[in-house]
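Notes for the one structure printed next.
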Amino acid sequence: MAAALLANLLYSCGFVLEKKALAALPEVNFRRPVRLLRLVLGSPLWIGGSLALAAGFGAQLAVYRTLPIAAAQGIFVSGLVLLVLLSARLLGEETTGRERYALGAIVLALLMVVLSLDEHADRVSRGAPYALILTVCLPSLALAVRLYGAAERRTRRRHRPPTTGVEYGVAVGLLYGVSSLAIKGVSGYLTAGGLGSAVTGLLRSPYPYLLLFTGGFGLVMSQAALQRCRASLIVPVCTTVTSLFTAVLGTLAFGEALPHQPLRLALRLAGTALAVTVLLLMPRHDTTDPEPDLSAEELRVHASDLRRPAHGDAEDPGLPPGQGPVAPDPHGDRTRGRG
């Protein structure tokens, strides 16, 4: 429990620090990962946020050694409240009434999942069949990349409404869900007797390679998404998708059985259905920022237009030297014809 709460604190602080650092950086792009890494690695604030996230992964590894997957996800979701508070305090982000209701419904859904747990019946599994893990993870990774690419294409459209980042959150959440299953698999090898046999078995498993893939892609995808969207919305969506993915598919893959009691089973299924429904109904366009979401090139053109002299300040080449255009008389229509 202490490790789970510590992970919540580290994750929330890490995301907020990274978001604050990205606000001061030039626009980053998923298609230019080398430039993205060069920019973020030059920001001490971003490095501090990434170290906090890495420490959160370490705490998560300790949690999975002692708690069932579904129970761990129920505790992790409590970090959403801290994340929203930190975003409002440090980033000045505000959520709309509809979004607050949606976040409240998400928390309620995941609390229903927590209430479905039974500490006496639930057991902590140590492993899963590799074929089953790959069957679950590989299509999820493909779907995450596809969703993210679709969100990026919509972002590049001109005259589009500002996006809330729901699509980004779902894509990154699927990626982190696969990462959570890999962390769960790694935790099973840490309980082995000898270090050498544990390392050998781990290298023969798909878990370290899934972590490398999700770590690299997650780093690039999450930074571009955080820069474009509010952390107070994209991170809760990402956390919800990750928690549901890990709790549902992880429970099945690692053989941690569903509740046998009808009430607990109903709570778990209803909580999952509620969270998915809320995600589908959340607004796709941001209404909290009245300013248009301009690209970097459009911002440069806009700035150059502001630096140009006003219409009446420059000399018109079609007029004699020293004579500029004459401003229209606002009362001309009323005085015209008067002698």
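The values are calculated or read from the model by the stated rules, or taken from the named source; none is laboratory data. Small disclaimer: the values here were computed from a predicted structure and weren't measured. Ideal geometry is used to build each Cβ from the backbone, glycine not excepted, and the neighbour counts take in all protein chains shown.
Being within 15 Å of PHE245 (Cα to Cα), in contact with an Asp or Glu (Cβ under 8 Å, 6 or more places away or on another chain) and buried (at least 17 other Cβ atoms within 10 Å of the Cβ) is the requirement here; does ALA109 meet it? The answer is no for ALA109. Residues in region 247-262 that are out of contact with any Ser or Thr (no Cβ under 6 Å at 6 or more places or on another chain), surrounded by fewer than 19 Cβ atoms within 10 Å (Cβ to Cβ), within 18 Å of LEU111 (Cα to Cα) and in contact (Cβ under 8 Å) with a residue 24 or more places away in the chain: 1 in all. Number of residues in region 29-76 that are closer than 30 Å to LEU269 by Cα and charged (D, E, K, R) equals 1.
Checked against the criterion of being in contact with a Lys or Arg (Cβ under 8 Å, 6 or more places away or on another chain) and not aromatic (Phe, Trp, Tyr), the candidates LEU61, LEU90, LEU25, LEU10 yield just one match: LEU90.
As a summary of the residue check, PHE57 satisfies the conditions (1) farther than 29 Å from LEU108 by Cβ; (2) under 16 Å from the mean Cα position of the chain (by Cα) except for the one numbered (1). Being farther than 13 Å from ALA128 by Cβ, of a type in the set (Ser, Thr, Tyr) and in contact (Cβ under 8 Å) with a residue 40 or more places away in the chain is the filter here, so list the residues in region 192-218 that pass it. If the condition is that a residue be farther than 13 Å from ALA128 by Cβ, of a type in the set (Ser, Thr, Tyr) and in contact (Cβ under 8 Å) with a residue 40 or more places away in the chain, then THR214 is the only one that fits.
Restricting TYR189, TYR176 to residues that are free of Cβ contacts under 8 Å to residues at least 24 places away in the same chain, under 22 Å from PRO68 (Cβ atoms) and hydroxyl-bearing (Ser, Thr, Tyr) narrows the list to TYR189. When ALA131 is tested against the conditions (1) at pLDDT below 75; (2) not in a loop (DSSP other than H, G, I, E, B), the lone failure is (1). Out of LEU45, LEU83, LEU22, one residue alone is farther than 24 Å from GLU256 by Cα and touching a Pro at 6+ places or on another chain (Cβ under 9 Å). It is LEU83.
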